[in-house]
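A short worksheet on the structure shown next.
The values are calculated or read from the model by the stated rules, or taken from the named source; none is laboratory data. As the structure is a computational prediction, the values presented were derived from the model and not from experiment. Cβ sites come from the backbone with ideal geometry, for glycine too, and all protein chains shown count toward neighbours.
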Amino acid sequence: MAALADSPDTASGIARELQANCERPFEDAHAMPPRVYTSDAFLALEQREIFSKEWLCVGRASSLANAGDYLTAQIDAQPVVVLRDEHGALRAMSNVCLHRMSVLLEGRGNVRRIVCPYHAWNYALDGTLAGAPMMDRQPGFCKESYRLPQVRCEVWQGWIYVTLNADLPPVATQLEELTRLIEPYGMTDYVETFHEAHVWNTNWKILAENFMESYHLPMLHRATVGPHSRLEEMECPPGRPAFNYHWITKEASLPIGNAHPDNTRLQGHWRRTTALLAIYPTHLVTLTPGYFWYLLLQPRGVGQVEIQFGGGLSPEFITDPKAADYMATLKTLLDEVNAEDRHGVESVFRGVHAPLAKPGNLSHLERPNYDFARYVAQRTATS
Ligand code: FES
Ligand SMILES: [Fe+2]
């Protein structure tokens, strides 16, 4: 390992250091080297080899219920809009105007046409150019030749995924094994009841890693969920190529954490089992028999991550008269827990810059982190 300390501070040098780190067996696994979290060059490599090539989750299909409902996202440098068109289909397109290339839509909302905020060129919901003020005076201009470039978009279990990669197998194929593992929950029918966007000051991987291990619950969350968390009730099986997961098998402290009496899909221990899913690279879901909540991550430089935070209820709880109250209690708790996580992951981001910082051994409850590190190492391998 000593020679690797001299790896140059280039993306490929850092990728080699990460690969060497990941060659250790799990019994001697270590946290990722600090430079993977702090290097601009390594983030550029991740953008090119991970974000531009993978399926990325951008939200719940149910949040785009009506024609013209849209959400926006960014894949590396490419702004993307996903919308429900007039025929009820979901469609993803470049969110960049075909005139002088302004970004078109921001955030989320509903439009009848996509109108560019710069000179008002405007597009129908299928991306064709519908109008362009005064352009009929230019004989060289042909309105019919313009259409916003379309982006691959698929729905898996109610989640919208987009990719710039034409060669990637369908998202359902990549997640076939996960579909089987969580089949009894029926996640497709879970209904989103809240959605928020936040920006935290940390590297996107530090936040992803925080989500995928529950080792930190007793300490970091000692003021909230920590006292109810028992590390011996957590099960961390080895990860798979496209995702990792772990289970917490215990009676939930909130009624909506256990299966609703009307829920006949979940049997036995499944009625009180929570699944924690980390779908690579940036889709993180806590799935319980009664509710779910999720984070979708989008890096904004090495030290900032934009977070889509949402959640909702299983179909049986949506119709339960008390569910809204339970959900309100849960949301308050999630906000408190997230504030603790924010403190934790921002603190790690400060720590990884320290000249004396050094990655330590991972616990057996950080198996998902080991698998995630190997995923990042494999995707960023340049030699
Ligand atoms: S850049 Fe969009 S109308 Fe000019
Ligand atoms: Fe946490």
Next item on the list: State yes or no: is W293 over 14 Å from the mean Cα position of the chain (by Cα) and not in a helix (DSSP H, G or I)?
Entry: no
Next item on the list: Considering each of P117, P139 in turn, give the residue that is within 15 Å of ligand 1 (Cβ to nearest atom), modelled with pLDDT of 95 or more and surrounded by fewer than 16 Cβ atoms within 10 Å (Cβ to Cβ).
Entry: P117
Margin query: Being within 30 Å of A357 (Cα to Cα), at pLDDT 95 or above, of a type outside the set (G, A, S) and in contact with a Leu (Cβ under 9 Å, 6 or more places away or on another chain) is the requirement here; does E54 meet it?
Written below: no
Note to self: Within region 46-66, take every residue that is closer than 24 Å to N201 by Cα and out of contact with any Lys or Arg (no Cβ under 9 Å at 6 or more places or on another chain) and give me the one that is surrounded by the most Cβ atoms within 10 Å (Cβ to Cβ).
What the structure shows: L56
Notebook entry, point to check: Is there any pair with a first residue in region 357-374 that is touching a residue at least 12 places away in the same chain (Cβ under 8 Å) and a second that is part of a helix (DSSP H, G or I) and hydroxyl-bearing (S, T, Y) whose Cβ atoms are under 6 Å apart and which are 6 or more apart or on different chains, and what are they?
Noted result: L362/Y370
Margin query: Among the residues in region 87-106, are any touching a Gly at 6+ places or on another chain (Cβ under 7 Å) and either over 30 Å from S7 (Cβ atoms) or among the charged types (D, E, K, R) (or both)?
Written below: yes
Check: What single numbered condition from (1) under 23 Å from Y190 (Cα atoms); (2) not in a helix (DSSP H, G or I) fails to hold for P355?
Finding: (1)
Check: Picking from E213, E196, E192, which residue would you name as being within 16 Å of ligand 2 (Cβ to nearest atom) and under 20 Å from the mean Cα position of the chain (by Cα)?
Finding: E213
Item checked: Total residues in region 175-197, condition in contact with a Phe, Trp or Tyr (Cβ under 6 Å, 6 or more places away or on another chain) and either within 30 Å of R350 (Cβ to Cβ) or without any contact (Cβ under 8 Å) to a residue 12 or more places away in the chain (or both) -> 1
Next item on the list: Restricting attention to region 286-338, report how many residues are of a type in the set (A, V, I, L, M) and without any contact (Cβ under 8 Å) to a residue 12 or more places away in the chain.
Entry: 2
Item checked: Residues of region 332-347 satisfying the condition of being of a type in the set (V, I, T) and within 12 Å of ligand 2 (Cβ to nearest atom) -> V337, V345
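Per-residue answers, yes or no, for (1) more than 16 Å from ligand 2 (Cβ to nearest atom); (2) at pLDDT 95 or above:
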residue: P237; (1), (2): yes, no
residue: L276; (1), (2): no, yes
residue: V302; (1), (2): yes, yes
residue: V305; (1), (2): no, yes
Margin query: Which condition from (1) surrounded by 15 or more Cβ atoms within 10 Å (Cβ to Cβ); (2) without any contact (Cβ under 8 Å) to a residue 40 or more places away in the chain; (3) in the same structural domain as A65 (by TED's automatic domain parsing) is the one that P218 breaks?
Written below: (3)
Note to self: Just to check your reading of the model, which residue among E154, E233 is among the acidic types (D, E), modelled with pLDDT of 95 or more and at negative phi?
What the structure shows: E154
Notebook entry, point to check: Does region 248-271 contain at least one residue that is within 15 Å of the chain's Cα centre (by Cα), hydrophobic (A, V, I, L, M, F, W, C), more than 16 Å from ligand 2 (Cβ to nearest atom) and within 15 Å of M187 (Cβ to Cβ)?
Noted result: no
Notebook entry, point to check: For region 316-343, how many residues are under 14 Å from G257 (Cβ atoms), among the acidic types (D, E) and part of a helix (DSSP H, G or I)?
Noted result: 1
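Yes/no per residue for (1) out of contact with any Phe, Trp or Tyr (no Cβ under 8 Å at 6 or more places or on another chain); (2) within 16 Å of ligand 1 (Cβ to nearest atom); (3) not small (G, A, S):
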| site | (1), (2), (3) |
| --- | --- |
| G310 | no, no, no |
| Y326 | no, no, yes |
| V345 | no, no, yes |
| G351 | yes, no, no |
| A354 | yes, no, no |
